[in-house]
Structures are given as C-alpha cells and as structure tokens.
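The numbers here are math on the coordinates, done by the rules we state, and not lab data. These figures come from a predicted structure and were not determined experimentally. Glycine gets a Cβ as well: all are built from the backbone with ideal geometry, and neighbour counts include every protein chain shown.
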Amino acid sequence: MINPISLLKDRLNFHDRAVLITGASSGIGEDIAQALGRLGAQIGLIARRKTKLQELADRIAAQGGRALP
C-alpha cells in the first residue's frame, strides 16, 4: 500500500504553506488536514461541526502542526 505522507513529502513541499481545507471535521478532509499538518503546512479548517474542528486543531498541534478552526 502506498503511504500518502511519503508520496507528498517526496513531491511537494508544504512547510510554511497556507492550506484551507473544507469538510475538515471528518473523513478525507480530516485525514488530509492531519497529513498536511505533519508536513508543516499552516491549516485553516472549515466545516459545520465547530467542536470537531477544535478537536482536530488540538490533535494537529499536539503533533507539532499549526491549524485554526
């Protein structure tokens, strides 16, 4: 199975890039937000469930990333 983090690291540099993710409270949006957080992106999170966004932002921060719900 291909590891998407390794693929992104090899091809794209997200360190200190700003990324806006819609639908970030679950599913693919949540997974992409966490992956880009590990790659050093500054992430803006958008979704209807604000409490889930704060939880996600806290998880990203705990892994060393930066995210704003």
Response to the item:
Between Arg66 and Ala18, the two model label points (7 Å from Cα along the beta-carbon direction) sit apart by a distance in nm of 1.1
Discussion item. Explain nothing, just the number: dipole magnitude of the chain about its Cα centre with +1 on each Lys and Arg Cβ and -1 on each Asp and Glu Cβ, in debye rounded to the nearest 20.
Written reply: 140
Worksheet item: So, in nm, how far is label Lys50 from label Asn3 when the simple model puts each one 7 Å beyond its Cα toward the Cβ?
Response: 3.8
Worksheet entry | Vicinal HN-Hα couplings computed from phi for segment 56-69 (Karplus, 6.51 cos²θ - 1.76 cosθ + 1.60; Hz; Gly/Pro x) | 5, 4, 5, 5, 4, 4, 5, 8, x, x, 10, 8, 10, x
Worksheet item: Could you give the semi-axes, largest first, of the ellipsoid that matches segment 10-69, computed as the square roots of 5 times the alpha carbon gyration tensor eigenvalues and rounded to whole Å?
Response: 18, 11, 9
Item to complete: Note the angle between two axes, namely the Cα long axis of helix 27-38 and the longest principal axis of the Cα atoms of the chain, as a number of degrees from 0 to 90, rounded to the nearest 10.
Response: 60
